[in-house]
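Participant: Quick one: the structure is below, questions incoming.
The values are calculated or read from the model by the stated rules, or taken from the named source; none is laboratory data. Predicted, not measured: the structure shown is a model, and the values here were computed from it. As a convention, Cβ positions derive from the backbone with ideal geometry for all residues, glycine included, and neighbour counts pool all protein chains shown. All accessible areas refer to the heavy atoms of the entire protein, side chains included, with ligands and DNA or RNA removed. Shrake-Rupley method; radii C 1.70, N 1.55, O 1.52, S 1.80 Å.
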Amino acid sequence: MTQTRQKTDSALKVAIISELAWTAGVDSAHVGVAVTDGAVTLSGEVESYPEKRRAEKAVARVRGVTAIAEEITVHSRHSVNDTDIAREAGEALDRAVDVPAGAVTATVHDHAITLSGQVPWNYQREAAGRAVHYLRGVTNLYNTVGIRPEASATDIKTSINAALVRTARAEAQDTVVTADTAGTVTLAGTVHSMTERRAAEYAAWSAPGVADVVNHLRVQN
């Protein structure tokens, strides 16, 4: 690593630590930060799964971050067991108005929730995740809910390109979108920040018929 790169990584680490300290709901004293060539590794221990996610999102906001390896563990103080979490997760999914009835199932192992099933839209998949996100005692969440493709590859690609141009959240001319008949979208090209990278991925997931998004966009500072 060159001396210039070391200085850049050092400055980036300071900015990340400041952003974590600024972020409400994150105890930055318990989050470790390491930076190598713009790639950030987060470690440490937090009290809840939402706090873990807030820390990751805070780091993604910092300009200069090119990748994030999240190795934070959750140590919950809530005395609930897997059966309690599974029962509450099932009730939460039943109450969620954006989740089709009976389409998503929650299983729990060692306080980690795995969601499975199939829905027509990604927003319904995300709604299922949100429904169980804040349950007591949860240490991790694996959303494996699938999406049934209901649009052609051409329609999907057209919708995503239009969304990128319309919202101007990413440089559309630098983003290459491909889609296959199974509803898998691949994003390639360059963006200027992790925020733009995530915005492009969000736009892709928002298109009808998208079953999966492979994000190969590179952050070019």
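Participant: Given the conditions (1) farther than 28 Å from GLY146 by Cα; (2) in contact (Cβ under 8 Å) with a residue 24 or more places away in the chain; (3) not in a loop (DSSP other than H, G, I, E, B), which single one is not true for PRO50?
Facilitator: (1)
Participant: Given the residues ASN140, ASN161, which is the only one that is open to solvent by 20 Å² or more (accessible area, probe 1.4 Å) and modelled with pLDDT under 80?
Facilitator: ASN161
Participant: Which one of ARG87, ARG95 is touching a residue at least 24 places away in the same chain (Cβ under 8 Å) and open to solvent by 40 Å² or more (accessible area, probe 1.4 Å)?
Facilitator: Exactly one of ARG87, ARG95 is touching a residue at least 24 places away in the same chain (Cβ under 8 Å) and open to solvent by 40 Å² or more (accessible area, probe 1.4 Å), namely ARG95.
Participant: Can you tell me how many residues within segment 113-137 are assigned to a strand (DSSP E or B), at pLDDT below 95 and open to solvent by less than 70 Å² (accessible area, probe 1.4 Å)?
Facilitator: Residues that pass the stated criteria total 1.
Participant: Ok, one more. Going by what's in this entry, would ALA55 be described as outside any strand (DSSP E or B) and more than 30 Å from ASN215 (Cα to Cα)?
Facilitator: No, not satisfied.
Participant: Identify all residues within segment 77-112 that are part of a strand (DSSP E or B) and within 19 Å of ILE147 (Cα to Cα); write none if there are none.
Facilitator: VAL104, THR105, ALA106, THR107
Participant: Okay, next question. Can you tell me which residue in segment 143-158 is most open to solvent (accessible area, probe 1.4 Å), limited to those that are of a type outside the set (A, V, I, L, M) and at pLDDT below 85?
Facilitator: Step by step, filter segment 143-158, then rank; the result is GLU150.
Participant: Cβ-Cβ below 9 Å, separation at least six or inter-chain, first residue in segment 106-124 and among the acidic types (Asp, Glu), second in a strand (DSSP E or B): which pairs?
Facilitator: The qualifying pairs are ASP110/ASN140.
Participant: OK, next. Could you tell me whether VAL104 is under 30 Å from SER10 (Cα atoms), open to solvent by less than 40 Å² (accessible area, probe 1.4 Å) and either aliphatic (A, V, I, L, M) or touching a helix residue (DSSP H, G or I) at 6+ places or on another chain (Cβ under 9 Å) (or both)?
Facilitator: No: the conditions fail for VAL104.
Participant: Related question: Filtering segment 31-83 down to residues that are at positive phi and small (Gly, Ala, Ser), which residue is most open to solvent (accessible area, probe 1.4 Å)?
Facilitator: That would be GLY44.
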